[in-house]
Amino acid sequence: MTSRTLILGIETSCDETAAAVVARDGEGRGEILSNVVLSQLKDHAPYGGVVPEIAARAHVTHLDRLIAQAMAEAGLNYNDLDGVAATAGPGLLGGVIVGLTMAKAIALASGKPLIAVNHLEGHALTARLLQDVKFPYLLLLISGGHTQFQVVEGVGKYHRLGTTIDDALGEAFDKVAKLLGLGYPGGPQVEALARRGHPQRFDFPRPLKGRKDCNFSFSGLKTAVREVVNDLGTLSDQDVADVCASFEAAVAETMADRLKMAVHQFRTAHPEVPNPALIVAGGVAANQKLKAVFERAAALHGLQLIVPPAKLCTDNAAMIAWAGAERLALGLTDEMGAPARARWPLDAAQAPVYGSGKLGGKA
Ligand code: KG4
Ligand code: ZN
């Protein structure tokens, strides 16, 4: 293998169809040569959430064109590649099968190794594509399907500190938006309206605050929002803004508390790391109020905060190609029989948490 490797990545686990090419040099530095993402948001918007069959059909329709575009933008032929990486799970199975099968076909036809990537590993390693982040570090993944803390010990080496026991954080934002009659996805709209609202008007619960573990729970908070909305009956614009602001305030306080516990556990496990990196990934990381919480926590606990740009924080194929490159560098390739998986925890040794890991949900 030459010291610089070129990897094609394919992502089809939810409602983004994506293809990208990244390079990894001998020192482990990454470079994105192309990164093409087609969002299916408008296809799913009328249903208030992602419809698995619509997603799978759209991947079939668009994936070959997007791969061709990613290869053309990178100026490469398949023969130039060192490997083909695709998300093999977790996610919506129909979509995962489309991307993984495509990757197998390209790998077979061009005689290149296949790398079957865990989508969550893609999120977990993205920061290393952009800068030299040393293991171990703390990862907070907050997306539409996952809310978890992981200690990233190395490529393929994860220790989950905590996860949601019910709804994911992005899902909670989306459900609150739905209760308020706002569109999907709800997070950005809740955030925008919250700016005009009073965060103290409604005293929503701060779920699991003070608990010694690092888990999350958002379904009780959502229920509290529903009760307030029902009690109010007809909502004025100010009511909607106040609910959004009060909900966001509850989430922010909860996240600060959970983060404190996670940092404590990380430091107990790794006293040798003086200023650990905290990587925040997933669509909810775009929220400015939460970003301020992470910045305060980083200053308070001596962490190096890294929030990759939104394009690389939300689902994309560059992160899959990069995880493939990191795995290939360690000789971790996969057989053609590699399965597509709806569920695939990063930390195989983790105790299952009741209610966590939505069936087929976004990752
Ligand atoms: O990572 P992502 O793009 O897709 C996956 O879930 O994989 O995350 C989407 C989620 C949605 O639930 C969306 O409502 C939420 O991220 N989100 C936000 C914001 N932007 C996106 N939540 C809160 N505030 C935002 N600004
Ligand atoms: Zn994701």
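The values are calculated or read from the model by the stated rules, or taken from the named source; none is laboratory data. Predicted model only: the values in this text are computed from it and were never measured. FYI the Cβ positions are ideal-geometry reconstructions off the backbone, even for glycines, and counts take in every protein chain you see.
Looking only at residues that are among the β-branched types (Val, Ile, Thr) and within 16 Å of ligand 1 (Cβ to nearest atom) in region 112-139, which one is modelled with the lowest pLDDT?
If we take residues in region 112-139 being among the β-branched types (Val, Ile, Thr) and within 16 Å of ligand 1 (Cβ to nearest atom), then 126 is modelled with the lowest pLDDT.
Out of 159, 146, I need the residue that is within 16 Å of ligand 1 (Cβ to nearest atom), touching a Pro at 6+ places or on another chain (Cβ under 9 Å) and within 29 Å of residue 187 (Cβ to Cβ). Which one?
146
So which of 100, 33, 63, 8 ends up being within 22 Å of the chain's Cα centre (by Cα) and farther than 26 Å from residue 146 by Cα?
33
Does residue 323 satisfy the criteria of being in contact with a Cys (Cβ under 8 Å, 6 or more places away or on another chain) and not β-branched (Val, Ile, Thr)?
So residue 323 does not fit the description; no.
Considering each residue of region 203-229, count those that are assigned to a loop (DSSP other than H, G, I, E, B) and under 30 Å from residue 46 (Cα atoms), and give that number.
3
Helices (runs of 4 or more DSSP H) wholly in region 1-111 with at least 2 residues that are in contact with a helix residue (DSSP H, G or I) (Cβ under 9 Å, 6 or more places away or on another chain) and modelled with pLDDT of 95 or more - which ones?
Once the helices (runs of 4 or more DSSP H) in region 1-111 are filtered for at least 2 residues that are in contact with a helix residue (DSSP H, G or I) (Cβ under 9 Å, 6 or more places away or on another chain) and modelled with pLDDT of 95 or more, what remains is 52-74, 93-110.
I'd like the full set of residues that are in a loop (DSSP other than H, G, I, E, B) and either without any contact (Cβ under 8 Å) to a residue 24 or more places away in the chain or touching a helix residue (DSSP H, G or I) at 6+ places or on another chain (Cβ under 8 Å) (or both), limited to region 287-308.
287, 303, 307, 308
For region 206-242, give me each residue that is farther than 15 Å from residue 181 by Cβ and of a type in the set (Ser, Thr, Tyr).
Scanning region 206-242 gives 217, 219, 223.
Can you pull out the residues in region 190-204 that are surrounded by 15 or more Cβ atoms within 10 Å (Cβ to Cβ) and of a type outside the set (Gly, Ala, Ser)?
190, 191, 193, 199, 201, 202, 204
Just one of 208, 180 is under 24 Å from residue 49 (Cβ atoms) and in contact (Cβ under 8 Å) with a residue 24 or more places away in the chain; which is it?
180
Output the number of the condition that residue 169 fails; it satisfies all remaining conditions of (1) at pLDDT 95 or above; (2) surrounded by fewer than 24 Cβ atoms within 10 Å (Cβ to Cβ); (3) under 23 Å from the mean Cα position of the chain (by Cα); (4) farther than 14 Å from residue 240 by Cα.
Of everything listed in (1) at pLDDT 95 or above; (2) surrounded by fewer than 24 Cβ atoms within 10 Å (Cβ to Cβ); (3) under 23 Å from the mean Cα position of the chain (by Cα); (4) farther than 14 Å from residue 240 by Cα, residue 169 misses just condition (2).
How do the pairs read when you match residues in region 58-71 that are touching a residue at least 12 places away in the same chain (Cβ under 8 Å) with residues anywhere that are in a helix (DSSP H, G or I) and acidic (Asp, Glu), using Cβ under 8 Å and keeping only pairs 6 or more apart or on different chains?
Here the result reads 58/43, each pair linking region 58-71 to a residue that is in a helix (DSSP H, G or I) and acidic (Asp, Glu).
Of the residues that make up region 150-158, is at least one within 16 Å of ligand 2 (Cβ to nearest atom) and either over 20 Å from residue 283 (Cβ atoms) or over 17 Å from the mean Cα position of the chain (by Cα) (or both)?
Yes; the residues of region 150-158 include at least one that is within 16 Å of ligand 2 (Cβ to nearest atom) and either over 20 Å from residue 283 (Cβ atoms) or over 17 Å from the mean Cα position of the chain (by Cα) (or both).
Name every residue in region 255-286 that is buried (at least 18 other Cβ atoms within 10 Å of the Cβ), outside any helix (DSSP H, G or I) and modelled with pLDDT of 95 or more, in order of residue number.
Result: 276, 277, 278, 279, 280.
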